[in-house]
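The values are calculated or read from the model by the stated rules, or taken from the named source; none is laboratory data. Since the structure is predicted, the reported quantities are computational estimates derived from the model, not experimental observations. Every residue, glycine among them, receives a Cβ derived from its backbone with ideal geometry; neighbour counts consider all protein chains shown.
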Amino acid sequence: MRFVIDVGKCIDCGGCWVACKDINDVETGIERIRIVTLNEGKTGEKSVPIQCFHCDHPACMLVCPQEAITKRDDGIVLVNQDKCVGCRYCLWACPYGTPQFKKMGSVMEKCTYCVERIDSGLRPACGGFCATKAIFVGKSASEADAKASSIGAARVKGPTNPDAAYKGVTL
Amino acid sequence: MATKPDSIVGCSNIKMSRRTFSKLTAIGTAAALGGIGLSKYDHTIDKLIEQASATTSSGVNHIKTICSHCALGCGLLGKVENGVLTGIEPWEDHPINAGSLCSKGAAIREIVNSETRLKYPMKKSGGKWHRISWEEALDEIAAKMKDIKATDGPDSIFYLGSAKVTNEECYLFRKFAAFNGTNNVDHQARICHSTTVAGMANTWSFGAMTNSWNDMRHSKLIFFCGENAAASHPVAMQHILEGKARGAKFIVADPRFTKSAALADMYVRFRPGTDIPFIWGICNEIVKNNWHDTDFIEKRTYGFDQWWDVVKDYTPEVVEDITWVKADTIRELAYEWAHTSPACICWAMGATQHTVGTNNIRSFACLELLTGNVGKSGGGCNAFRGHDNVQGATDMCVLSHWLPSYYGLTEGSWKHWVGVWNEHAPITYDNMKAEFAEYNGKSLMHVPGLTVSRWYEGVLDSSVAQPKPVKMVFVWGHSLNSITEMKRMKEAMEKVDLVVGIDPHATVASSLADRPDGIIVLPASTVFEKDGSVSNSARQVQWRNRLIDPLYESKSDYWIMKELATRLGFGPHFTYNSPEDVLREINRGANVIMMRESPERIKRQQEHSSDFSIEDCQAKSGPCKGEYWGLPWPCWNDEHPGTPLLYRNDIPIAEGGSEFRTRFRGKDSTAGNPVSDDGISMLGAGYAHPEGYDEMNSDGTPGSGWKYDLDSDWKGIIAENKCPSGAGKARFMAWNLPDPIPVHREPIETPRPDLIDKYPTYDDVDDHFRVKCLFKTIQDERKNLVDTYPIILSSGRQVEHMGGGAETRSCKYLVELQPENYVEINPGLASEIGARHWDYVWVETLRGRIKVRAYVTERVNRETAFIPYHWAGWMEGKSYEDRYPSGTAELALGDSVNIICVDGYDRSTNMQETKACLCKIYKV
C-alpha cells in the first residue's frame, strides 16, 4: 500500500494539485490528482483527494491493446506514452476514472507516483507538500502500511485491489 | 476543487501559456524557447540566460526561505540551478509548517518566473506605454515630488505602502515618508486588521495575536468567528486539526458554511454585522449562570461592573432576534465556553471589516477575559493576519497615525526616532519638524494622515483637512482592487498629476485610471530576489533568504527608495551596507514591542531549525536551546528566548512570561500609580508580585523610560521577575473609545430597518483621518433599501488567490483552479432569478454593478451572497485589459467586488466595511 488519505483533514486547498502540476510539468487541462467535494456547503461536506491507485490488478493494464501499461516490481503502474495510441480502453476499464486525455487522439497520462522522485529517495509531490498532512504517500509500502494502521485507514475495496487506504470515507 | 474544471476551455478571458523557466536549464538554449509565445521578450530571455551562466555558484542549491503568501510564515526550500529558480522542495523540519504548503505556496516557482511580470520601467504618455530607463523614471518622479512639495506642500503626496516587503523595507518606508515631511503614509493593515489592533490594544496593551499557530494544538475549544482558515490560512489547519484530534472542540461561527465549517464539530450561521450581540449573548448567559472566572477578573481586569451593565440586556432571546442564532444555540455555546478550557477565539476579515470592527474585536477580547482564557497555552485571541509580512509592516507602522513600533505622533516619539536616525546620519528634531507643513496653526507632524481606505478622498474632497489636496500617489506594493469605492478611487487616479506604481506586476495601478498619461510603473523584484526579515502573525521574526538575483530589470524596493532619497537630498539616511544593518537600527529603537531580534540570532535559528519542537516552537537542544522560534516579541535582550504567549504570567519574564502593561492611565495617574478615569488602580497581579507594579525606567524607578532608553538590556529588572512595561490590568471598559463598551449597531445598509432606531450607527464625523465620514446620514437615507436590494453581500477569500491577485491570477496553475470571479448564491435564489450554475449574473448595489458567474451552492443561505475579492481587470462588465502595458495583464481578469461594496468605515480606525451591504442579483 502507498497512498494513505485522511479525509477528515483535507481542506481542499489544492496544494497537492499544484505541487503535482509543477513538479511533473502537467499540462493545463490534465489532472493527475483531483479533489472531489461531496455534500458541498452542507453538514457532512467532505473533500476527497483521488489519484491513480496503482492497483494490484490494474484493469487498465489488462485491457490495453498496446501493452503500453506496465506495473513495476514495487507496484507502481506506469504508461509508456510512446506505445499508447489514445484508444481510451483504459478509461473505460478503470473503475475510478483515472486516465487523463488532453483531447481526442491524445495519449493517456496519469499519476506516475512521482517515480523519479521515489527512485531518488524523495517523497512524491502531493504527499510531500500536503498542507494538513491529509495525504500520506509512503516512500515504501511498509512505511505506508504502518501509517494506515496507526490512523485506522481502511484499504479501498474493489476487484482491482487498489493500493490505497482512506480514513473518513468509504470508496 | 476547481470552481468548474470543465469551464476552462470556454473561458474567454484566460490566456494560457506554456511554462518556460523551469525548463530553461534543462534545455539551456534560447532557441529552445522559440515558438512558445515569448519572442516579444527576447532580450529579457537573453538576460536571464546571461544571468544564469554568469552566476558563480553552479549546480543545484536548496535554499531555505519563507513563503510570500499568508502570515503563517511557512518555510520552503528554493531549488536553484545555475541561478535560476527551477523548483521548490519541502522544508521538512520547519517548526511551523513541517514542509507543508497550500496551492499558492506550491506555485511559487511559477509565480516568481511569471511571464506577466513587469520587466522594466514604463511610462504612459500620449495614450501609449513607453519603456524608459530607471534613470529617467527616478529623475522624473523625484522632480515631480520636489515640485509638488514646493507648490502644494508635502501632504499632497500620498505614500501607499506595502505588507509584502521585508521588515527593513517597511521601516525605511515609514522613515521615507517622515523625511518627505508627511504622515500621509499607510498600508494594507488599515484595511485588514487595523480594528484588531485597536480592539485588542485598547483591551490589554498590544494589538497582536496573543498566542501562536502551533499553540492551537493545545486548545480544548477552538472558536472561529469570521475566519475561514481552510481558504485563507490553509497550513494553520494542520495545527487546528491536530488540536481537534487530541480532543478539542472546533466550532465555526460564520454567515457562510465554509470549508473550515465542513471540518468543524459545530457550525453556527449568524447574520453579517451582528458579531457583538452574538458574543454578548454568550457572555450574558455565562454571567447569569455564574460561570465567569471571578478570580481572574478581580486580579487582572478593570471595568467588569460597567461592562455587565451593558451586556445584561443582551439575553439569548434578544440576540436571537438580531443575529439569526437560536437562543438555545447561544446557551449551548455559553456552556461550551464556560466548561472548556483553554479556549481560543480566531478571526480575520470576517470580524474586522465592519463599521463596528474595533468593537467586534473588543467583544472577542472581553469573552477571553470573562472566561480567563487569555495568557494561557491553548487560549488567547488569535487574529489571523493576512499578508506574509503584515504583522511586520504593522510593527514598523507603515501607518498614518504611528511611528515605527507603535510610537504615537507626539514630540517625545519623534524625538525618540530622530535620535535613532541621527546615529546613522545627522538629523535633528528641528530639521525634521521643518519638513512638515502646518494646518490650522498646528504642525501636521503631530496629526494622523490619510488612510489607505479613503486616500482618494484626499484627492477629491476639497475640504480635506490639510493645506492642499493630494496631487500624486505612490502605489508601492498594494493592490488597489482590495480597497472599496473603486469608482471614487478611479476618479481620483484620473485627477492626480502622477500615479507611480511599484510592484513586481503592473497591477491595477497601471490600468484602473482611464488617462492618456501621468502613470509610471516600476518593476520591483519579488520577495525571493532579496534578503530580509519578515514577521508572521504570531510575532515570529524569520530571515527570508534571497533565492535568485532580480529577474529582468526589476530592483528591490530598498534600492528604489534609496535612489529616490538620494535625488531628494537625504540619501545618506537611506544608504545602508546590508539589510542586517537596517534590522540592527530597528532593534535599537523599537522599544515598545521590544523587537530586539538580531539578524545573527534569527539566522542561527534558521540554521538549526531541526532543534525546534512543533509542539511549542521551542528549541529543545543545540545552540538555540530554550529559545522560541522567531524570538516572538517582546524579546527583551540578546539572551531572552522571546515571548510566545502574550500576558502569560505564571512563568518568569526571563523564560517568556508577560504581563498586561500599565498602559491605560486616566487623568489623575502619576508615575507609580496608574488609575482609571474613575480613580480605580490599574495595577494588576503580576508574576511573583501580586500587588502589581507600574511601568519603569531602566533604573527600576516608575516611569515610561523603558520606551525610550536605547541602551538598557533590562536584565537587572527581569532578574527581579519584573516586566519593564509594568504589571497592569486589561479593560472590559475602554474609556477612551467612541463606545467604551461595545454595543450593537446595525450596518449602514441593513436588512432589518426595524432595528435601526434601537441600534443606530454612529453620528457623522467631520474629520476622520482628515476627511469627512458619513454614518447616520447615509444609514437613514438608505433605511428602506432592503425593499429594492434584498440580499446581504459579503466578500472574502479563495484559497487559490491572494490579496488583489496580481501574482496568483498571473499563475497558470492557480488560474486553472479558479479561472473566473463568481458570486455564491443559494439554490433558492438561483431558481428565483432563473440563473443556472455558471451563468453570468449582475450583482448590483447603490455603487454600481458587476458581472460575475453564478456559483449555486448551499454555502450561503437565501438571504446572503458571497463574492471573492481577488479580482480585477474589468469595470462593470467591461475589460480594461487594453490599459495595461502590453503583456503585463494577469492571465485571468474579472470584475472587482470592491466596485460595489458599501461606503462605510470603522469609527475608530477607518477600516472599510466589506461584509455587510445590500445588493440585488439578476441574470445578464
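Here are the numbers for the structure shown:
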item	result
Scan of the range B:550-577 for residues that are under 24 Å from B:LEU118 (Cα atoms) and not in a helix (DSSP H, G or I), ordered by number	B:PRO550, B:LEU551, B:TYR552, B:GLU553, B:SER554, B:LYS555, B:SER556
Residue list for the range B:337-372, restricted to those being assigned to a helix (DSSP H, G or I), of a type in the set (Val, Ile, Thr) and under 21 Å from B:ALA236 (Cα atoms)	B:THR352, B:ILE361
All strands (runs of 3 or more DSSP E) inside the range B:733-849 with 2 or more residues being away from chain A (no Cβ under 14 Å), within 30 Å of the chain's Cα centre (by Cα) and among the small types (Gly, Ala, Ser)	B:791-796
In the range A:8-37, the residues that are touching a Ser or Thr at 6+ places or on another chain (Cβ under 8 Å) and surrounded by fewer than 18 Cβ atoms within 10 Å (Cβ to Cβ)	A:ASP25, A:VAL36, A:THR37
Any hit, the range B:893-903, residues being charged (D, E, K, R), crowded, with 24+ Cβ neighbours inside 10 Å, outside any loop (DSSP other than H, G, I, E, B) and assigned by TED's automatic domain parsing to the domain that holds B:HIS801	yes
Single condition B:VAL475 does not satisfy, out of (1) of a type in the set (A, V, I, L, M); (2) surrounded by fewer than 22 Cβ atoms within 10 Å (Cβ to Cβ); (3) touching a residue at least 40 places away in the same chain (Cβ under 8 Å)	(2)
Top-ranked residue in the range A:86-133 [being within 12 Å of chain B (Cβ to nearest Cβ) and under 15 Å from A:GLU27 (Cβ atoms); ranked as surrounded by the fewest Cβ atoms within 10 Å (Cβ to Cβ)]	A:LYS103
Residue within the range B:373-382 that is among the basic types (Lys, Arg), part of a helix (DSSP H, G or I) and at pLDDT 95 or above present	no
Close pairs from the range B:627-651: first outside the structural domain of B:ARG544 (by TED's automatic domain parsing) and surrounded by fewer than 24 Cβ atoms within 10 Å (Cβ to Cβ), partner of a type in the set (Ser, Thr, Tyr) and not in a loop (DSSP other than H, G, I, E, B), Cβ under 6 Å, at least 6 apart	B:PRO641/B:TYR628
Any hit, the range A:58-65, residues being more than 7 Å from every other protein chain (Cβ to nearest Cβ), of a type in the set (A, V, I, L, M, F, W, C), surrounded by fewer than 19 Cβ atoms within 10 Å (Cβ to Cβ) and touching a residue at least 40 places away in the same chain (Cβ under 8 Å)	no
Given (1) surrounded by 16 or more Cβ atoms within 10 Å (Cβ to Cβ); (2) of a type outside the set (Lys, Arg); (3) free of Cβ contacts under 8 Å to residues at least 12 places away in the same chain, index of the condition A:THR70 fails	(1)
Single residue of the range B:120-168 satisfying the filter (in a loop (DSSP other than H, G, I, E, B) and of a type outside the set (Gly, Ala, Ser)) that is farthest from B:MET561 (Cα to Cα)	B:ASP152
Condition check for B:HIS870: under 28 Å from B:SER260 (Cα atoms), in a loop (DSSP other than H, G, I, E, B) and in contact with an Asp or Glu (Cβ under 9 Å, 6 or more places away or on another chain)	yes
Residues (within 12 Å of chain B (Cβ to nearest Cβ) and of a type in the set (Val, Ile, Thr)) located in the range A:151-171	A:ILE151
The range B:206-241, residues that are aromatic (Phe, Trp, Tyr) and either surrounded by fewer than 24 Cβ atoms within 10 Å (Cβ to Cβ) or within 27 Å of B:PRO634 (Cβ to Cβ) (or both)	B:PHE206, B:TRP213, B:PHE223
Complete set of residues in the range B:862-878 that are more than 29 Å from B:THR507 (Cβ to Cβ) and either buried (at least 19 other Cβ atoms within 10 Å of the Cβ) or free of Cβ contacts under 8 Å to residues at least 24 places away in the same chain (or both)	B:THR864
Residue that is nearest to the other protein chains (Cβ to nearest Cβ), among those in the range A:15-52 that are part of a strand (DSSP E or B) and of a type in the set (A, V, I, L, M, F, W, C)	A:ILE35
Pick from the range A:134-150, criterion within 13 Å of chain B (Cβ to nearest Cβ) and not basic (Lys, Arg), ranking: surrounded by the most Cβ atoms within 10 Å (Cβ to Cβ)	A:ALA134
Close pairs (7 angstrom Cβ cut-off, 6 or more residues apart or separate chains): among the acidic types (Asp, Glu) in the range B:801-819, in a helix (DSSP H, G or I) anywhere	B:GLU807/B:ILE111; B:GLU816/B:ILE8
B:PRO724 vs. criteria buried (at least 19 other Cβ atoms within 10 Å of the Cβ), closer than 24 Å to B:GLU298 by Cα and either of a type outside the set (Ser, Thr, Tyr) or out of contact with any His (no Cβ under 9 Å at 6 or more places or on another chain) (or both)	yes
A:ILE5 at the interface with another protein chain (Cβ under 7 Å from one of its Cβ atoms), of a type in the set (A, V, I, L, M) and in contact with a Pro (Cβ under 7 Å, 6 or more places away or on another chain)	no
Of all residues making up the range B:397-455, the number that are part of a loop (DSSP other than H, G, I, E, B), of a type in the set (A, V, I, L, M, F, W, C) and farther than 30 Å from B:MET486 by Cβ	3
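To keep it simple, each residue is scored yes or no on (1) among the hydroxyl-bearing types (Ser, Thr, Tyr); (2) more than 20 Å from B:ARG256 (Cα to Cα); (3) outside the structural domain of B:ASN481 (by TED's automatic domain parsing).
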{"position": "B:VAL815", "(1), (2), (3)": "no, yes, yes"}
{"position": "B:SER831", "(1), (2), (3)": "yes, no, yes"}
{"position": "B:TRP838", "(1), (2), (3)": "no, no, yes"}
{"position": "B:ARG849", "(1), (2), (3)": "no, yes, yes"}
{"position": "B:ARG859", "(1), (2), (3)": "no, no, yes"}
{"position": "B:ALA865", "(1), (2), (3)": "no, no, yes"}
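Yes/no matrix, rows are residues, columns are (1) small (Gly, Ala, Ser); (2) out of contact with any Asp or Glu (no Cβ under 8 Å at 6 or more places or on another chain); (3) closer than 30 Å to A:VAL36 by Cβ:
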| residue | (1), (2), (3) |
| --- | --- |
| B:PHE224 | no, no, yes |
| B:MET237 | no, yes, yes |
| B:ASN289 | no, yes, no |
| B:PHE296 | no, yes, no |
| B:TRP308 | no, yes, no |
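Each row is one residue, and each column tells you yes or no for (1) within 22 Å of A:ILE35 (Cβ to Cβ); (2) in a loop (DSSP other than H, G, I, E, B).
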residue	(1), (2)
A:ASP82	no, yes
A:GLY105	no, yes
A:CYS111	yes, yes
A:ARG123	yes, yes
A:PHE136	yes, no
A:GLU143	no, no
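Let's see how each residue does on (1) over 25 Å from the mean Cα position of the chain (by Cα); (2) within 11 Å of chain A (Cβ to nearest Cβ); (3) not hydrophobic (A, V, I, L, M, F, W, C); (4) not in a loop (DSSP other than H, G, I, E, B):
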site: B:HIS62; (1), (2), (3), (4): yes, no, yes, yes
site: B:VAL80; (1), (2), (3), (4): yes, no, no, yes
site: B:LEU85; (1), (2), (3), (4): yes, no, no, yes
site: B:ILE96; (1), (2), (3), (4): no, no, no, no
site: B:GLU110; (1), (2), (3), (4): no, yes, yes, yes
site: B:LEU118; (1), (2), (3), (4): no, no, no, no
